[in-house]
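Participant: Take this structure, written in structure tokens, and hold onto it; I'll ask about it next.
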Amino acid sequence: MRIAILTVSDSSSSGTREDISGPLLRQLIFDSNIISNPSVKNFLVSDEKQEITNMLINLCKTFDVIISAGGTGFSPRDVTPEATQSVIEKKCGGLETALHIRSLQATPFAALSRLCAGIRGSTLIVNLPGNPKAVKECFEVLEKILPHAVELLNTEDVHNVTKHSHLITH
């Protein structure tokens, strides 16, 4: 599984603050017992909608999954969901709901996240908050579904997917 981690942060991209969430996500992926043989690359952009949009479009050409961290809040500079919505072809509302539910179990402030998830071509794009604690919580959900999601995105016959026949009976 080829995974791009995209940290969206003015302060990290300018070098005034260390990126914590991107390296944390990378470590969580490599420590996972569920995601096997990941190929992971980290990227960093500022909170500029066009910069985020261009990066997402380019990353979709190479990666199975793009997980962004940051830019999902209420501040005027938080535009990651808008950039993501401008490039996705299908919205993944169930995944967004699952991530929100997990986050809301930890704090009511998760209601202030505008995270977004969707598909462009055969690439799954997921926006996570930039807070390291929120990244860990959301990864608990992502870790379990990413292998199956990528398998579904890369097959023509859904009924031949490993887990799918079992999953659709429940």
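Participant: Does Glu82 satisfy the condition of being without any contact (Cβ under 8 Å) to a residue 60 or more places away in the chain, of a type in the set (Asp, Glu), farther than 15 Å from Cys138 by Cβ and assigned to a helix (DSSP H, G or I)?
Facilitator: The answer is yes for Glu82.
Every residue, every condition in (1) of a type in the set (S, T, N, Q); (2) more than 15 Å from the chain's Cα centre (by Cα); (3) closer than 23 Å to Ser113 by Cα, yes or no:
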{"site": "Ile35", "(1), (2), (3)": "no, no, no"}
{"site": "Thr53", "(1), (2), (3)": "yes, no, yes"}
{"site": "Pro76", "(1), (2), (3)": "no, yes, yes"}
{"site": "Ala83", "(1), (2), (3)": "no, no, yes"}
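Participant: If you don't mind, another one. Against the conditions (1) loosely packed, with under 13 Cβ neighbours inside 10 Å; (2) at pLDDT 95 or above; (3) in a loop (DSSP other than H, G, I, E, B), where does Asp19 fall short? Just the number, please.
Facilitator: (1)
Participant: Now for a different question. Taking only segment 1-24 into account, find how many residues are among the charged types (D, E, K, R) and in contact (Cβ under 8 Å) with a residue 40 or more places away in the chain.
Facilitator: Here the count works out to 2.
Participant: May I ask you to say which residue of Ser13, Ser68 is small (Gly, Ala, Ser) and part of a strand (DSSP E or B)?
Facilitator: Ser68
Participant: Oh, and also: Among Ile5, Ile34, Ile57, which is in contact with a Lys or Arg (Cβ under 7 Å, 6 or more places away or on another chain) and more than 19 Å from Gly130 (Cβ to Cβ)?
Facilitator: Ile34
Participant: Oh, and also: Please specify each residue of segment 36-66 satisfying the condition of being of a type in the set (Asp, Glu) and surrounded by fewer than 18 Cβ atoms within 10 Å (Cβ to Cβ).
Facilitator: Result: Glu48, Glu51.
Participant: For residues that are without any contact (Cβ under 8 Å) to a residue 60 or more places away in the chain, surrounded by 14 or more Cβ atoms within 10 Å (Cβ to Cβ) and not in a loop (DSSP other than H, G, I, E, B), tally how many sit in segment 105-126.
Facilitator: The number of residues fulfilling the criteria is 4.
Participant: Search segment 135-154 for residues that are farther than 19 Å from Leu115 by Cβ and pair each with any residue that is of a type in the set (Ser, Thr, Tyr) and at pLDDT 95 or above when their beta-carbon atoms are under 6 Å apart and the residues are at least 6 apart or on different chains.
Facilitator: Leu153/Ser122; Asn154/Ser122
Participant: Further question on the same structure: With under 13 Å from Ile125 (Cβ atoms) and of a type in the set (Gly, Ala, Ser) as the only criterion, which of Ser68, Ser21, Ser75, Ser14 stands out?
Facilitator: Ser68
The values are calculated or read from the model by the stated rules, or taken from the named source; none is laboratory data. Everything numeric in this text was worked out from a predicted model, so none of it was measured. Quick reminder, even Gly has a Cβ in these numbers, built from the backbone with ideal geometry, and neighbours come from all protein chains shown.
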